[in-house]
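Values quoted throughout were computed directly from the atomic coordinates according to the rules given, and no laboratory measurement underlies them. None of these values were measured; they are calculated from a predicted model. Cβ: placed from backbone, ideal geometry, glycine included. Neighbour counts: every protein chain shown.
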Amino acid sequence: MSKKQKIIILYLVVIDVFLLGLALWFFVWPKIRLVNFALLQPAGEVAIKEYMLFKLVLFLMLVVAIPLFCFAVFILKRRKHEKISLFEKNKSHEGLWQIFVWLVPVILIFSISVINWKSTHDLDPYKPLSLKKEPIVIQVVALNWKWLFIYPNERIATINFLQVPEQTPIEFNLTADAPMNSFWIPRLGGQMYSMAGMTTKLHLQADQKGDFEGFAAEINGRGFADMNFVLHSVSETDYGNWLKNVKSKSLKLTLKEYERLSEEEKKHEPEVFSFVEDSLYEKIMEKFMPDGGYMPGMPSHNVDSLDNNNPSFSY
Amino acid sequence: MKFWFGKLTWASLPHEWFTIGGALSMVLAGLGIFVYLTYTKKWKWLWQEWLTSTDPKKIGIMYFVVAALMLVRGGLDAGMIWLQQSLASGSGGYLTADHFQQIFTAHGTIMIFFVTTGFLFGLMNYILPLQIGARDVAFPLLNTLSFWLYAAGALFINLFFFFGGEFAATGWLAMPPLSELEFSPGVGVDYWIWSLQISGLGSLLSGVNLLVTILKMRAPGMTLMKMPMFVWTCLGSLLLVVSTFPILTMTLLMLSLDRAFGMHFFTSNLGGNPMLYVNLIWSWGHPEVYILMLPAFGIYSEIVATFSRRRLFGYGSLVADALLISGLSMLVWLHHFFTMGAGANVNAFFGIMTGLIAIPTGVQIFNWLATLYKGDPRFTSAMHWFFGFVFTFTLGGMAGVMLGIPGLDFQLHNSLFLVAHFHTMVIGGALFGIFAAITYWFPKVTGFLLNEKWGKRAFWLWIAGFLVSFTPLYILGLMGVTRRLDHYDASRGWQGLFMVAGLGFIIICVAVCAQIWQIIVSIKERKQNQDQSGDPWDGRTLEWSTSSPPPVYNFAVIPEIKNRDAFWDMKVSGQVDKLVSGQANKQYEDIVMPKNTAVGIYISAFLFLVGFAFVWHIVWLGAVGFVGAVTCVIFRSFDHHTEFTIKSEDVAKMESRGLKEIWQLKQ
């Protein structure tokens with residue numbers, strides 16, 4: 001390649017990079033700027049703990065990874081005459097090096113394992129968050145392709161949106177009347193699968209007022225991408241008012257209405273029901289049990305009995 | 001009609017743009033090849049020299065051809081996924097949700113089962129026998145059968161373009177109850193099941209075959225602890241194949257029983273339990289990841305030792321690492337579903353087990369770097385891939401340790417962070433390893449070297465494309481974006497990053513073009529780049545002691561192994577010179593080699609029919625396929641003339657030609 005050709009290519013590369021930068025600046029950057037980093041902006045007790053854990057583990061790993069990268073770059077940059085023969089003469093150095101290379105990851109992973117054990121028990125989704133404050137119980141049913149939320153104590157139900165008071169623990173009981181799904185509100189904390197014929201549990205809490213988005217995280221068919229909802233976290237009094245407001249309406253979710261709803265397979269706008277059929281959640285689970293009875297390996301449909309012995313199935 | 005055609009009707013034939021396009025392009029490509037072969041009268045040559053060959057070297061090359069074709073197929077899928085996600089802000093996009101879901105299912109399935117697996121089995125076929133000083137694998141017929149089952153599976157997964165027009169829309173592991181008849185009534189899931197059953201059987205048989213080859217066919221003197229590292233890691237990988245592929249076969253069988261005969265293994269109701277499937281599929285699926293990774297580790301070990309002209313540092317440690325990884329990989333499957341509601345003790349146990357895998361993996365990287373540090377490294381393009389791997393794999397490994405902690409996994413599971421993580425591992429680990437292997441062993445296979453300049457360019461493009469493509473996915477994961485979205489609200493502001501990821505995909509496409517160009521340039525300049533010595537890199541292991549390409553029998557005289565790095569040892573102790581100067585010439589013996597056979601092709605074709613019959617519920621065709629396959633096996637067992645002999649004079653003739661060339665080179 002002649003010098004002239006090289007210069008032309010260099011020019012072209014510079015112009016390309018410039019145009020590319022311009023394009024990124026105009027089209028891509030404005031779209032990124034508006035974004036919220038859900039996992040880095042936790043708004044609930046659980047999510048905050050998970051974020052702290054994220055930072056801690058990242059830090060621990062960088063402690064090992066950065067020297068490793070430096071070592072790799074050093075080898076790449078080293079010229080031959082700079083070679084230091086540390087191990088050449090004495091073979092026993094290989095043994096020393098082996099002790100070192102095993103010890104470093106072992107110490108790192110040991111410390112992470114301790115963190116792992118403790119955090120897993122601390123962040124167990126089945127564990128109630130606080131004993132002082134009575135949690136709001138919400139029963140979640142994953143349908144095709146919408147979320148049905150039942151407030152059993154308040155005897156109301158909602159579709160694709162949730163209203164909760166701030167700084168109050170929420171106890172989610174999850175099941176499905178559709179393929180397996182995963183219930184996730186990133187800014188409040190981690191996700192949990194919802195599966196037909198059984199109950200799983202998730203405890204979360206919103207520490208502040210705000211609207212927090214929730215997602216279906218497990219592929220479950222055509223309408224998967226539309227299966228989103230919003231959790232409105234409001235003050236205690238606003239929540240009370242909202243309850244009163246809902247109760248004053250007359251939109252009933254009877255078993256028959258539920259059947260119609262569960263078979264309707266399209267994107268669903270948020271909706272409220274002021275009255276819910278008695279133990280609808282239990283009835284939905286019973287659909288999947290032979291004669292409504294108990295089968296070994298399958299969970300009891302009595303939700304209360306699950307409280308003592310957390311998982312709905314045993315390993 | 002129903003008897004003859006089952007569920008197959010006129011409506012099953014292609015009638016949408018993508019099925020018509022897919023079917024048309026396959027027909028045209030097939031027609032092109034047909035015309036070319038007929039015109040040049042190469043049918044007989046193809047059949048005799050390649051298709052029916054039992055030579056593991058030729059089978060290895062055929063694996064590579066199929067895997068490369070499937071890479072293009074899977075890459076097209078990747079492009080369509082990216083384009084949809086870049087455009088699909090709001091309710092836009094050019095694909096329906098269902099079609100989009102079929103595409104990412106096909107992408108995952110193809111890339112894991114038919115690309116990475118294909119490349120690695122191809123490599124093992126070619127390199128393993130050479131590295132252990134064997135003339136063939138243990139069971140040559142089984143070897144052709146394995147390859148043809150793999151090829152039949154690869155064809156089967158594309159068959160939906162012609163019949164049925166839909167693939168599974170369930171994700172690459174088809175979790176029930178979504179994959180059950182109730183929610184996926186079409187034939188898509190059946191195509192998925194049977195392409196995996198057919199190719200999975202091939203993988204299992206190949207695993208048995210190569211495992212026996214390693215354990216029983218090593219050259220005299222090659223004890224286990226004198227085996228090259230690549231052989232060790234393949235051993236670990238093959239142990240996993242043999243112990244976990246039966247799980248896959250049985251799980252898929254149960255799912256197909258559910259679908260075809262209305263049974264209830266994995267349904268939600270009537271006593272079935274989908275969680276059973278999730279456990280079973282992942283207790284195969286996680287080891288599968290290491291089945292792909294371990295041979296790549298072996299490749300890096302070989303390359304690092306050769307290009308730093310030094311014995312591998314910490315060989316014993318590396319062996320322990322390979323075995324530990326393959327053992328531990330069977331104890332971690334639950335980390336794929338921490339979010340399924342297991343108790344804290346169970347989750348913590350599997351989380352800690354997952355973390356433990358990072359120890360042997362980390363030790364490996366330290367040992368490779370130490371080998372380079374002590375040695376005299378040459379930064380060829382193969383070494384570029386190695387350094388690319390160290391960089392990406394460490395990053396991906398860090399993400400992996402995070403995902404292995406249940407408390408973090410609750411937040412990261414099913415997000416794009418996870419997607420970015422496993423792409424980092426499979427591309428940065430396995431695929432870069434395959435590219436390194438191609439660069440490294442290409443002269444052994446063809447007799448000339450690949451162009452280094454274009455190799456390095458391709459590498460830099462790949463690493464750039466890879467980073468531009470997957471860094472945005474890590475970021476999107478932290479924004480709480482779930483995977484597999486066919487569209488999303490414009491207000492979320494995710495589109496920009498999806499577009500950046502797409503830019504990365506384009507760079508990767510350019511990188512692949514550079515690789516293709518590298519091969520073209522190398523073929524053009526093959527005269528200048530010729531390697532007559534058979535040992536272009538100053539290699540250490542036995543495959544470099546043969547000519548390039550090696551003769552059909554690999555070794556005229558089976559070498560005696562005294563030390564690890566057997567060929568290096570021979571070079572240092574002057575044995576090679578002795579061989580070349582003709583002193584060892586007269587000891588040739590007759591060599592018995594397996595004859596060509598087409599039985600593997602016939603059995604695979606019959607099993608292909610069985611799969612087709614199961615998809616479309618055509619009973620008679622299934623019976624024909626099954627009886628045909630069994631009959632082939634019975635007929636073959638009466639054939640006692642399966643081997644032929646190469647006379648010692650012929651061996652001497654062939655060898656003297658090769659040795660003379662080496663001799664001239666040495667002068």
*Dividing the convex hull volume of the alpha carbon atoms of the range B:327-473 by its residue count, what do you get in Å³ per residue?*
124 Å³
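Quick one: B:HIS335, A:HIS268, A:HIS121, fewest Cβ neighbours within 10 Å first, how do they rank? Could you put the intermediate results ahead of the total?
Details: B:HIS335 23, A:HIS268 19, A:HIS121 16.
Lowest count first: A:HIS121, A:HIS268, B:HIS335.
Which pairs in the list B:LYS571/B:LYS647; A:LYS4/A:LYS77; A:LYS146/A:LYS256; B:LYS453/B:LYS524 are over 19 Å apart, alpha-carbon to alpha-carbon? Could you put the intermediate results ahead of the total?
Details: B:LYS571/B:LYS647 28 Å; A:LYS4/A:LYS77 30 Å; A:LYS146/A:LYS256 17 Å; B:LYS453/B:LYS524 14 Å.
As for pairs spanning more than 19 Å Cα to Cα, those are B:LYS571/B:LYS647; A:LYS4/A:LYS77.
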*What residues have an amide H closer than 5 Å to that of A:THR199, excluding those fewer than 5 places away on the same chain, when H is modeled at 1.01 Å from N in the peptide plane?*
none
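Less than 12 Å Cβ to Cβ from B:ILE561, Lys/Arg counted +1 and Asp/Glu -1: what total charge do the surrounding residues give?
Working: positive: B:ARG218, B:LYS226, B:LYS562, B:ARG564; negative: B:GLU560, B:ASP565, B:ASP569.
That works out to +1.
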*If you bin every alpha carbon distance in the protein assembly as shown into 10 Å steps from zero, what whole percent lands in each bin?*
2, 10, 19, 23, 20, 14, 7, 3, 1, 0, 0
*Label-point separation, A:ASP238 to A:ASP211 (7 Å along Cα→Cβ), nm*: 1.1 nm
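Quick one, can you get me the convex hull of the C-alpha atoms of the range A:136-290 expressed as volume per residue in Å³?
Numbers: hull volume 15.1 nm³, N = 155.
Roughly 98 Å³ of hull volume per residue.
With each run of n ≥ 4 DSSP H residues scored as -39500 (n - 2.57), what mean residue ellipticity at 222 nm is computed for chain B after dividing by its residue count and rounding to the nearest 500 deg cm²/dmol?
Values: 22 runs with 426 residues, N = 667.
One gets -22000 deg cm²/dmol as the mean residue ellipticity at 222 nm.
Hey, which of these cross-link pairs are over 21 Å Cα-Cα: B:LYS58/B:LYS456; B:LYS444/B:LYS527; B:LYS57/B:LYS456? Intermediate values should be presented prior to the final figure.
Working: B:LYS58/B:LYS456 28 Å; B:LYS444/B:LYS527 15 Å; B:LYS57/B:LYS456 27 Å.
With Cα atoms farther than 21 Å apart: B:LYS58/B:LYS456; B:LYS57/B:LYS456.
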*If the chain between B:VAL627 and B:TRP17 were fully stretched, how many nm would it gain, using 0.36 nm times the residue separation less the Cα-Cα distance?*
215.8 nm
_Neighbour-count ranking [beta-carbon atoms within 10 angstrom, fewest first] of B:GLU16, B:GLU452_ = B:GLU16, B:GLU452
*Could you check the simple spin-label distance between B:HIS264 and A:LEU62, using points 7 Å along Cα→Cβ, in nm with one decimal?*
5.4 nm
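How long are the three semi-axes of the equivalent ellipsoid of the range B:520-569, in whole Å, if each is the root of 5 times an eigenvalue of the C-alpha gyration tensor, listed from largest down? Before the final figure, lay out the partial values.
Details: eigenvalues 130, 35, 9 Å².
Gyration-tensor ellipsoid for the range B:520-569: 26, 13, 7 Å.
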*Counting other beta carbons within 10 Å of each Cβ, put B:ASP376, B:ASP258 in order, fewest first.*
B:ASP376, B:ASP258
*Can you give the Rg to Rh ratio of the range B:27-92, both from alpha-carbon atoms, with Rh computed by the Kirkwood formula?*
1.24
_Tail beyond 15 Å, pair distance distribution of the range B:47-128 (Cα, percent)_ = 62 percent
*asked:* If I model a spin label at B:TRP4 and A:LYS267 as a point 7 Å from the Cα along the Cα→Cβ vector, what separation in nanometres do I get?
replied: 4.7 nm
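Please quote Rg/Rh for chain B to two decimal places, taking the Kirkwood radius as Rh and restricting both calculations to Cα atoms.
Details: Rg = 25.2 Å, Rh = 26.2 Å.
Ratio value, two decimals: 0.96.
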*Give the residue from B:GLY574, B:CYS513, B:ASN367 lying farthest towards the positive end of the charge dipole for chain B; charges sit on Cβ (+1 for Lys and Arg, -1 for Asp and Glu) and the dipole is referred to the Cα centre.*
B:GLY574
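For the protein assembly as shown, what is the percent of antiparallel DSSP beta bridges, rounded to the nearest 5?
Details: 35 of 51 bridges.
Of all bridge pairs located within the protein assembly as shown, approximately 70 percent are antiparallel.
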*asked:* Please report the antiparallel percentage of the DSSP beta bridges confined to the range A:136-290, to the nearest 5.
replied: 65 percent
